[in-house]
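Each remark here refers to the structure printed beneath this line.
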Amino acid sequence: MRKFVLFSTLAIILAIFLVRIILAPAYDIIIYGGGFAGCAAARNAAAAAPDKKILLIVPDTSQCLGGLGTAGGQNFADIGTWRGQLVTAGSFGRWYEQAGQFYNTLAMSEIIAADLSQFKNLTVMYSQDIRNVRVEEGLIKSLVLAPITRNDEGIVQWNGSERKISGRIFIDASDEGKLAALSGADLTVGREDWPEQYLSADEKENQALQQAATLMFKVKGVRTPETPARIGDMDFVKDGKGSWGLVGGKETWANNEIVLNFNRTYGPEGFAIKPVNAAQDGAGSGEWWVNMLLVFNVDGRVH
């Protein structure tokens, strides 16, 4: 009888211990979003709380850090200086100083990864996205994640079994605000918070439109001058790392018949050419990323 009571008591204690392990948060802080904002949040959290477990979820199939600024091809850091000093500081300021204003996208991703790797309390989970969010009494308790991949047609799809991740603090640092939306947080998207007089009649009654998206192009064959110069309505400039950038084209946009005809033809379908900004994919590269085609009526909430 005593052995039975002792066994039962040990079983109860073990069960309580296991339940506590299962219910205990796996991470203290979970950041969703692998772009510059998410990476900076993860780095700062890991540095400020070295005794806490930090998780960065990267919902991108490319297995790299930096989001739009790397995998997205937006390698033109459109920031400047004031009184000779870089305006942007913090984590991005450090990455910017290493990469330059017009940078190689892979190199920038590697710079961020190396910076984050110094923190042993920080875990980076690549190519995972949210399937479900568990909320109790207005607080996020856990996420259900699953692997994502891109098929031969370029479509992102689920690819693997789900896993449950629990935590104490959750930060949505994504571009589309998916975690906040799934958790039922009170938020606005698109132009919902614009003054009503600036919205179209349809937007006043239905969902406000999203900011225009940019479709990036990688091109070859860009000819540069010997030194930074203005050619026509285009300004060729160099950053401190020796990489070229290009900005301009307002006169071309306003007067060139090819551009005007494109915008007249495809504007009603939601496409428009704008003045250009472009950047060499790092010093010495023969490839450039070009930003000049806008895509309208894209709903950023669609995933």
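Descriptive notes on the structure:
- The stretch 119-194 - convex hull of alpha carbons, volume per residue in Å³: 137 Å³
- Per-q log10 I(q)/I(0), the stretch 147-303, q = 0.11, 0.14, 0.17 Å⁻¹ (Debye; single scatterer per alpha-carbon; no solvent): -0.72, -1.03, -1.17
- Size descriptors for the stretch 160-239, from the alpha-carbon set: Rg then Dmax equal 21.8, 57 Å.
- Per residue accessible area of the chain, 1.4 Å probe, in Å²: 60 Å²
- Kyte-Doolittle mean at least -1.0 and Cα axial length at least 30 Å: DSSP H helices in the chain: 2-23
- When both the stretch 213-278 and the stretch 95-119 are represented by their alpha-carbon centers, they are found 26 Å apart.
- Simple label model, 7 Å out from Cα along Cβ direction - residue 157 to residue 198, nm: 4.1 nm
- The length gained by stretching the chain between residue 125 and residue 98 to full extension, at 0.36 nm per residue less their Cα-Cα distance, is 7.3 nm.
- Sites residue 175 and residue 223 - FRET efficiency at Förster radius 35 Å, r taken between beta-carbons, to 0.05: 0.55
- Normalised per residue, the volume of the convex hull around the Cα set of the chain (Å³): 203 Å³
- Residues 125, 292, ordered by accessible area of protein heavy atoms at a 1.4 angstrom probe radius and largest first, appear as 292, 125.
- A probe of 1.4 angstrom, applied to the heavy atoms of all protein chains, finds residue 217 with accessible area near 90 square angstrom.
- Ordered by 1.4 Å accessible area with all protein chains kept, 64, 39 run largest first as 64, 39.
- Calculated FRET efficiency for the pair residue 49/residue 81, C-beta based, R₀ 22 Å, to 0.05: 0.10
- Cα gyration tensor shape for the stretch 215-303, rounded if a/c is under 1.5, else prolate or oblate: oblate
- For the chain, a crude dipole built from +1 on the beta carbon of Lys and Arg and -1 on the beta carbon of Asp and Glu, taken about the Cα centre, is about 1440 debye to the nearest 20.
- Accessible-area rank, largest first, for 102, 262: 262, 102, with all protein chains present and a 1.4 angstrom probe.
- Dipole axis of the chain (+1 Lys, Arg; -1 Asp, Glu on Cβ), positive-most option in 88, 62, 160: 160
- Of all DSSP bridge pairs formed entirely within the chain, close to 75 percent run antiparallel.
- Length gained when the stretch residue 28-residue 207 is fully extended (0.36 nm per residue, less Cα-Cα span): 60.9 nm
The values are calculated or read from the model by the stated rules, or taken from the named source; none is laboratory data. The model shown is predicted, which means the values in this text are computed figures rather than measured ones. No Cβ is skipped: glycine too gets one built from the backbone with ideal geometry, and neighbour counts run over all protein chains shown. To get the accessible areas, we keep the full protein, side chains included, count just its heavy atoms, and leave off ligands, DNA and RNA. Shrake-Rupley method; radii C 1.70, N 1.55, O 1.52, S 1.80 Å.
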